[in-house]
Amino acid sequence: MADAFEHLAHQPQFFLDAINGVLGRSNDGATFEEALLTHARQRRATEREELTGTYLRLPPLHQAVLQRLLEQGEHYRAFDKPALTFYREQTAAKVSVAQVQRALEALRDNDPPLVWKSLRGDYSVYDQALSGWYAYLVSAKIGHRALDAVRWR
């Protein structure tokens with residue numbers, strides 16, 4: 001059961017949903033724990049597919065901004081020179097601070113939101129599932145840089 005809880009990102013709501021889902025159906029001879037783990041793995045795979053789809057539907061600058069945020073985490077600086085260079089390299093276009101601001105606002109306005117902004121003006125991912133998705137891409141060594149491979153599929 002601990003493995004299932006881990007696959008569900010340690011989120012009690014999803015764990016309870018999984019338990020209810022397993023209790024309400026035939027498990028083809030599997031034990032409750034096996035069925036729960038299978039359900040959790042399926043949910044995680046579905047979530048990864050949905051996040052990949054969400055990412056791929058973003059314009060290139062939004063993808064670059066989100067990638068930079070995911071890579072840097074709490075050290076993310078949206079508008080410094082290295083960030084602007086990164087965005088330019090990822091999009092093959094000149095990128096202004098105003099364009100980055102608009103991209104961040106669009107990521108905040110996304111449904112569901114992808115980026116959160118603190119009152120101090122710091123940015124972070126809105127849902128930690130996105131960080132888990134990114135960590136998976138990196139650990140799976142998808143492409144030279146994980147999101148480059150996803151972007152150009």
ask   = Has the range 3-13 got any residue that is surrounded by fewer than 17 Cβ atoms within 10 Å (Cβ to Cβ) and either modelled with pLDDT of 90 or more or aliphatic (A, V, I, L, M) (or both)?
value = no
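Identify the residue in the range 27-38 that is open to solvent by less than 50 Å² (accessible area, probe 1.4 Å) and under 13 Å from residue 4 (Cα atoms) and, among all such residues, is nearest to the chain's Cα centre (by Cα).
Step one: filter the range 27-38 for residues open to solvent by less than 50 Å² (accessible area, probe 1.4 Å), giving 27, 30, 35-37.
Next, only the ones that are under 13 Å from residue 4 (Cα atoms) stay: 35-37.
Values: 35: 26, 36: 23, 37: 22 Å.
Ranking the candidates gives 37 first.
Evaluate the following for residue 49: is it acidic (Asp, Glu) and within 19 Å of residue 131 (Cβ to Cβ)?
Details: acidic (Asp, Glu): yes; within 19 Å of residue 131 (Cβ to Cβ): yes.
Here the answer is yes, as residue 49 does meet what is asked.
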request  = Would you point out the residue of the range 52-77, among those that are in contact with a helix residue (DSSP H, G or I) (Cβ under 7 Å, 6 or more places away or on another chain) and of a type in the set (D, E, K, R), that is farthest from residue 130 (Cα to Cα)?
outcome  = 77
query = Is at least one residue of the range 90-111 modelled with pLDDT under 90, open to solvent by 60 Å² or more (accessible area, probe 1.4 Å) and either in contact with a Cys (Cβ under 9 Å, 6 or more places away or on another chain) or not in a helix (DSSP H, G or I) (or both)?
reply = no
task = Confirm whether residue 41 is modelled with pLDDT of 85 or more and open to solvent by 90 Å² or more (accessible area, probe 1.4 Å).
result = yes
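Considering only residues of the range 69-82 that are in a helix (DSSP H, G or I) and open to solvent by less than 30 Å² (accessible area, probe 1.4 Å), which is nearest to residue 102 (Cα to Cα)?
To start, the set of residues in the range 69-82 that are in a helix (DSSP H, G or I) comprises 69-75, 81-82.
Restricting the remaining residues to those that are open to solvent by less than 30 Å² (accessible area, probe 1.4 Å) gives 69-70.
Details: 69: 15, 70: 18 Å.
In this case the residue turns out to be 69.
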key: First in the range 37-63 and without any contact (Cβ under 8 Å) to a residue 40 or more places away in the chain, second anywhere and open to solvent by less than 70 Å² (accessible area, probe 1.4 Å) and not small (Gly, Ala, Ser), Cβ under 6 Å, 6 or more apart   = 39/22; 40/7; 40/8; 41/7; 44/7
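The values are calculated or read from the model by the stated rules, or taken from the named source; none is laboratory data. Since the model is a prediction, treat every value here as computed from it, not as a measurement. Please note: Cβ atoms are built from the backbone with ideal geometry, for glycine as well, and neighbour counts cover all protein chains shown. Ligands, DNA and RNA are excluded from the accessible area calculation, which covers all protein heavy atoms including side chains. Shrake-Rupley method; radii C 1.70, N 1.55, O 1.52, S 1.80 Å.
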